[in-house]
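Only one structure is covered here, and it is reproduced in the block below.
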Ligand code: 13P
């Protein structure tokens, strides 16, 4: 399966950073065997997509409705209209801070699909849940509730992001990554058959140029969702190179 390395810029980036975005896109352009994307703040999607018409610029969230009285929200159609090709939905930071439920995330993924966007659907356990031995049941429950019935690898990827590994410099043991990605794969195949076998399962949480080679050679790790290390070409490129070599 072709690997996908997607950057999540979170709430970072002003128009002054469009040059850095262009630098990342041109740095990764030589690695044609790997898919890459940059999920930007909504304000930068249009300007970045205009400058980089062939590149996969994405959003970080979308509303489940097409339009309406939702002050401050952005619809999937708006992201597509601005030039986005994909969007993240269900990131743990939104699940926690905006109280998004699995049903919300499922609606957002469907809205993305309806607008012609690819979706990266995030799941992941907290540290307390892992310590209580509930990591797999929590993640598989989120997966079941967050994926629409028409999920398949042509438009949807799953990102496993342990909450405690995000922005902390800590990653799970390789055994734990292997076990979780295998469990997610089994659940996807059980529900979606061949379509589930083709869904990419990304790992996210403190992935960087030092640990990417090991993480990306684990079975069923089909790419990465990268936060901090996606903010510059210097940090992002080594991860893409590791994906190309994996
Ligand atoms: P970091 O790579 O900064 O840990 O962030 C991971 C993440 O949340 C990507 O969505």
Filtered residues of the range 191-209 (kept if in a loop (DSSP other than H, G, I, E, B), surrounded by fewer than 18 Cβ atoms within 10 Å (Cβ to Cβ) and in contact (Cβ under 8 Å) with a residue 12 or more places away in the chain): 198, 209
Selection from the range 200-219 of residues that are in contact with a strand residue (DSSP E or B) (Cβ under 6 Å, 6 or more places away or on another chain) and either within 11 Å of the ligand (Cβ to nearest atom) or over 11 Å from residue 160 (Cα atoms) (or both): 202, 203, 204, 207, 215
Could you tell me which residue of the range 150-165 is farthest from the ligand (Cβ to nearest atom), considering only residues that are touching a strand residue (DSSP E or B) at 6+ places or on another chain (Cβ under 9 Å), in contact (Cβ under 8 Å) with a residue 60 or more places away in the chain and not in a loop (DSSP other than H, G, I, E, B)? 157
Considering only the range 166-190, how many residues are closer than 21 Å to residue 105 by Cα and either touching a strand residue (DSSP E or B) at 6+ places or on another chain (Cβ under 6 Å) or crowded, with 16+ Cβ neighbours inside 10 Å (or both)? 8
Can you find, within the range 33-68, the residue that is farthest from residue 115 (Cα to Cα) among those that are surrounded by fewer than 16 Cβ atoms within 10 Å (Cβ to Cβ), touching a residue at least 24 places away in the same chain (Cβ under 8 Å) and in contact with a strand residue (DSSP E or B) (Cβ under 8 Å, 6 or more places away or on another chain)? 65
Sole miss for residue 172 among (1) assigned to a helix (DSSP H, G or I); (2) more than 24 Å from residue 193 (Cα to Cα); (3) more than 12 Å from the ligand (Cβ to nearest atom) is condition (1)
Quick check on my filter: what residues within the range 28-56 are within 27 Å of residue 219 (Cα to Cα) and in contact with a helix residue (DSSP H, G or I) (Cβ under 8 Å, 6 or more places away or on another chain)? 28, 31, 33, 34, 36, 38
Residues that are in a helix (DSSP H, G or I) and crowded, with 21+ Cβ neighbours inside 10 Å, drawn from the range 213-227: 215
Tell me, please, whether a residue that is closer than 18 Å to residue 208 by Cβ, within 14 Å of the chain's Cα centre (by Cα) and part of a loop (DSSP other than H, G, I, E, B) can be found in the range 7-15. yes
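Quick grid of which residues meet (1) touching a helix residue (DSSP H, G or I) at 6+ places or on another chain (Cβ under 7 Å); (2) modelled with pLDDT of 95 or more; (3) under 21 Å from residue 90 (Cβ atoms):
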position	(1), (2), (3)
171	yes, yes, yes
185	no, yes, yes
191	no, yes, yes
211	no, yes, no
So, residue 30, is that one out of contact with any strand residue (DSSP E or B) (no Cβ under 7 Å at 6 or more places or on another chain), away from the ligand (no atom under 16 Å from the Cβ) and outside any helix (DSSP H, G or I) or not? yes
If I filter the range 228-235 for residues that are closer than 24 Å to residue 168 by Cβ, part of a strand (DSSP E or B) and touching a residue at least 24 places away in the same chain (Cβ under 8 Å), do I get at least one hit? no
Flag if residue 30 is on the phi < 0 side of the Ramachandran plot, free of Cβ contacts under 8 Å to residues at least 40 places away in the same chain and over 18 Å from the mean Cα position of the chain (by Cα): yes
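The values are calculated or read from the model by the stated rules, or taken from the named source; none is laboratory data. Here the structure is a predicted model, which is why all the values come from computation and not from measurement. Virtual Cβ from ideal backbone geometry, glycine too; neighbours counted across all protein chains shown.
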